[in-house]
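The values are calculated or read from the model by the stated rules, or taken from the named source; none is laboratory data. The model shown is predicted, which means the values in this text are computed figures rather than measured ones. As a convention, Cβ positions derive from the backbone with ideal geometry for all residues, glycine included, and neighbour counts pool all protein chains shown.
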Amino acid sequence: MSSSMLPDVVRRHLQMYLVLGSANCLAEPGWVVQEALAGGATMIQFREKGRDALTGAPRIELARRLQDQCRRAGVPFIVNDDVELALELDADGVHIGQDDESAASVRARIGNRMLGVSAHTIEEARCAILQGADYLGVGPIYPTISKDDAHAVQGSAILHEMRKAGIHVPIVGIGGITKDRVEEVIHAGADGIAVISAVTRAERIRAAVEELKKKVILSI
Ligand code: TZP
Ligand code: MG
């Protein structure tokens, strides 16, 4: 079972989904999130990973701070991989990959919170849905600089294939998405875009989010 959140509500949250951790940010993460929220980010994922990632208390403190900003803006705050942290913070949801705990087990632990699962194939997608995913993260659609252990680039064809195979759950495309690629991703079947560098490395974060979101909405 997925959560009680209606698929159309989930779809709207996926439109301009910012994924980030401190290692992705050129500026202070709280400032990045503030600007992204001001630009209309529809969901934020805390993904504190990689060589320079925070651990322990500073990691939890940063998560709390970003979550508080999201709460004030009425934007869901999702935690990558870490169910314990999500429960401790009472986050709005969890996003997991294929190498993490099973989706069924995470669903059982997080109750009605939102569950996102990364899927690279139709089989992984079907399995995630059966185990209670509210949405799928599909990619990398294009080459990415933000994930060292990323799967092979899939191209937008994977989105087409999933839709053609009868997968109708909310899907967000991820990996190397820039403003010039939004239309292709949405037309291929995604409900929204999940981005790291297109926002965290933008010179003007608020304007970048506004532009990406506008392109999503115009392409739907
Ligand atoms: N999963 C697949 S690609 C990716 C993740 C977390 C990184 C996306 O970052 P960017 O900078 O938008 O390519
Ligand atoms: Mg993971």
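Pairs meeting the criteria (first residue in segment 150-166 and without any contact (Cβ under 8 Å) to a residue 24 or more places away in the chain, second residue surrounded by fewer than 14 Cβ atoms within 10 Å (Cβ to Cβ) and among the aromatic types (Phe, Trp, Tyr), beta carbons under 8 Å, at least 6 apart or on different chains) are lacking.
Give just the number: which of (1) over 22 Å from residue 178 (Cα atoms); (2) buried (at least 16 other Cβ atoms within 10 Å of the Cβ); (3) of a type in the set (A, V, I, L, M) does residue 19 not satisfy? (1) is the only condition that residue 19 fails.
Of the helices (runs of 4 or more DSSP H) lying entirely inside segment 156-208, those carrying at least 3 residues that are away from ligand 1 (no atom under 16 Å from the Cβ) and out of contact with any helix residue (DSSP H, G or I) (no Cβ under 7 Å at 6 or more places or on another chain) are 157-164. The listed residues are 88, 61, 28, and the only one of them that is away from ligand 2 (no atom under 16 Å from the Cβ), closer than 28 Å to residue 215 by Cα and surrounded by fewer than 19 Cβ atoms within 10 Å (Cβ to Cβ) turns out to be 28. Look at (1) within 20 Å of residue 16 (Cβ to Cβ); (2) touching a strand residue (DSSP E or B) at 6+ places or on another chain (Cβ under 7 Å) and you find that residue 158 fails only one, number (1). Considering segment 116-135, and only residues there that are of a type in the set (A, V, I, L, M, F, W, C) and either surrounded by fewer than 24 Cβ atoms within 10 Å (Cβ to Cβ) or part of a loop (DSSP other than H, G, I, E, B) (or both), the residue that is nearest to the chain's Cα centre (by Cα) turns out to be 133. If the condition is being touching a Gly at 6+ places or on another chain (Cβ under 8 Å) and modelled with pLDDT of 95 or more, then segment 1-11 contributes only 11.
Scanning segment 180-196 for residues that are crowded, with 16+ Cβ neighbours inside 10 Å and away from ligand 2 (no atom under 16 Å from the Cβ) returns 181, 182, 184, 185, 186, 188, 189, 190, 191, 192, 193, 195.
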